[in-house]
1. Once you keep just the Cα pairs under 8 angstrom separated by 6 or more residues, what percentage relative contact order results for segment 202-367?
2. How large is ³J(HN,Hα), in whole Hz, for each residue of segment 179-194 in order, when computed from phi with the Karplus curve 6.51 cos²θ - 1.76 cosθ + 1.60 and θ = phi - 60°, using x for Gly and Pro?
3. Counting only residues 5 or more places away or on other chains, whose amide H sits under 5 Å from the amide H of Lys37 once H atoms are built in the peptide plane?
4. Let's test the formula: R0 of 30 Å, r as the Cβ-Cβ distance of Ala203 and Ala301. What FRET efficiency results, to the nearest 0.05?
5. Could you tally the net charge around Ile258, taking each other residue with its Cβ under 9 Å from the Cβ of Ile258, Lys/Arg +1 and Asp/Glu -1?
6. Within 10 Å, Cβ to Cβ, of Leu327, how many net charges do the neighbouring residues add up to if Lys/Arg are +1 and Asp/Glu are -1?
7. Check Tyr162: other-chain or 5+ apart residues with amide H under 5 Å from its amide H, H built from backbone geometry?
8. Taking segment 202-367 as the region of interest, what is the percent of Cα-Cα pairs per 5 angstrom bin, listed from the shortest bin to the one with the maximum distance?
Amino acid sequence: ISAAARQPAAAEAATMSGRPIFKKSSPNSRLTCYLGKRDYFDDLATMDLIDGAVLVDPGIGPDKKVFAHIKCEYRYGRGDMDNVMNGVSFKKDFFFAATQVYPSETPAKKLTPLQSSLLSKFSNAHPFSFQLPHDIPPSLMIQSTAVSDGSQEEEPCGVEYYVQVFVARRKDDQPQGHSSVKMAIRRLTCVSPKPGEVGRPSAEINKAFHLHSGSVRLEVSLAKELYHHGEPVLVSVVIDNYSSNVVKGLSLKLLQLIEITLFKEKAIKNVICSESVEKGFPLAPGQAGWCETFKLRPNLADNRNKAGVALDGKMKYQDTNLASSTLIRDFRNKENIGIIVQYVVKARVFTGFGGRDAVLEVPLILSHPKPVDGSSEAKKSDDVVFEHFARLKVAKQDTIAEALD
C-alpha cells in the first residue's frame with residue numbers, strides 16, 4: 001500500500017478535477033477508505049449512490065476478509081433520556097446494509113468515475129457501493145444546551161449515518177477499532193422548483209369581536225412556497241380594519257416545528273427569526289388597505305446557541321445549516337421517520353386584548369437545491385492530489401444570503 005495511504009487514522013480530502021475526495025485510514029494503517037463526498041441527496045425520485053473504494057494491505061492475513069456496512073441510527077441525547085431511562089442511552093437502527101468488499105463475492109458491477117480513477121491508481125483498491133431507499137429519515141441533529149466551554153454534548157438527539165469498513169472473518173463480526181474505518185455521512189433532501197410552478201402560499205382570516213362591531217381582515221402571502229437555505233423569505237401582509245377596534249401592531253415570526261415520533265413523543269417550537277412592526281400603526285377603526293412586504297432571514301448564525309433547534313446533521317470539520325423541511329411520501333408513516341421538521345410563518349395582529357388578536361400561519365418548505373451532477377467532470381481527469389481536509393465555514397451561507405438581498 002502506498003505511503004500516502006499508510007498514515008495514522010485521520011480524515012483528509014483530495015481533489016479530482018476540482019471535486020473533493022474524502023479519505024480515512026484505520027489506526028493500524030491496514031485499510032484506507034475513500035468516499036467521493038459526504039453529503040448525499042434525495043429528492044424522493046432519485047437518491048445519490050454512495051460509492052467508494054477501500055485500499056487493502058495484503059498484511060491483513062490470508063484468513064481475513066474486508067466488509068463494509070452503512071447504518072442509519074436514531075439516538076436520544078443524554079439530556080433527553082434523563083427522565084426516561086435514568087441516563088441510559090437509547091438508540092434505534094432505521095437502516096442497515098452490509099457487503100463483502102474483499103475478496104468480492106458478487107459479480108463485478110459497473111464502476112463509477114471515482115472508483116475507476118482510484119482502481120487505476122491503486123492495484124489493491126476494491127470498490128463498494130450502497131443505494132439508500134427513500135423511506136428512511138434524513139440526517140438531523142437537535143441542538144442541546146451548550147456546556148460551559150461552549151461546545152455541545154457528545155451525543156445529542158438526532159439521526160446519523162455512517163459508513164464503516166473493517167477486517168473480520170465473518171460479516172456479522174463486531175468491528176475492532178484498530179482495524180476499521182468509520183466515516184460519517186449525511187443523507188439530505190433537496191427540492192427544485194417545477195417548471196411553470198409559481199404558486200404563492202397564502203391565508204386569510206376575518207376576526208370578529210364579541211364586544212365590538214365589525215371585524216379585522218388579515219391576509220398573509222409568501223412570494224413562493226419553496227426557499228433554499230440562505231434565501232430571505234418574502235412575506236406580504238394586508239390588513240383591513242373594518243371593526244370599531246384599534247389595531248395596535250403586527251408581529252411576524254418564522255417558526256421551526258419539530259415533532260419527535262419515536263418512543264417519547266414530543267413537540268418543539270422554535271422561533272428562528274422574527275420582526276415586530278410598529279410603523280404605520282395604530283390603524284383607526286374603519287381604516288383599510290394597509291399593506292407591506294417584509295424579509296425574514298432564517299439562518300443558523302442567529303440560532304447557533306439555542307437549545308432545541310434542529311440542524312441538518314453535523315460532522316467534525318464541517319459546519320451545517322438549519323434542518324431542511326421533512327419530505328415524506330405518506331405522513332401516515334411518520335413514526336418511521338423519527339423526527340419531523342416543518343416551517344411556518346406566523347402573523348399576529350394586536351388589538352390590545354390577547355384573545356382578540358388575529359393570528360395566521362402559512363407553511364413553507366426550506367430545503368437544499370438539487371446539486372449539479374459533477375460526474376462528467378470527473379471523467380475528464382484521473383489526477384488525484386491529496387491534501388488535508390479544510391473546515392468549511394458557515395460564513396459562506398451568510399455571503400449567499402447577502403447576495404440574495
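1. Numbers: 382 pairs, mean separation 49.1, N = 166.
It rounds to 30 percent for segment 202-367.
2. Taking θ as phi minus 60°, the curve returns 10, 9, 10, 10, 10, 6, 10, 10, 9, 10, 9, 9, 9, 10, x, 6 Hz for segment 179-194.
3. Phe22
4. Details: r = 29 Å, r/R0 = 0.97.
Using R0 = 30 Å, I get an efficiency of 0.55.
5. On the way: positive: Lys266, Lys269; negative: Glu259.
Result for the neighbourhood of Ile258: +1.
6. Details: positive: Arg329; negative: Asp42, Asp43.
My count for the surroundings of Leu327 gives -1.
7. Lys71, Ile185
8. Cα pair-distance distribution for segment 202-367, in percent: 2, 8, 16, 18, 15, 13, 11, 8, 5, 2, 1, 0, 0.
None of the figures in this text is laboratory data; all of them are computed from the coordinates on show. Keep in mind that what you see is a predicted model, and the values were worked out from it rather than measured. Virtual Cβ from ideal backbone geometry, glycine too; neighbours counted across all protein chains shown.
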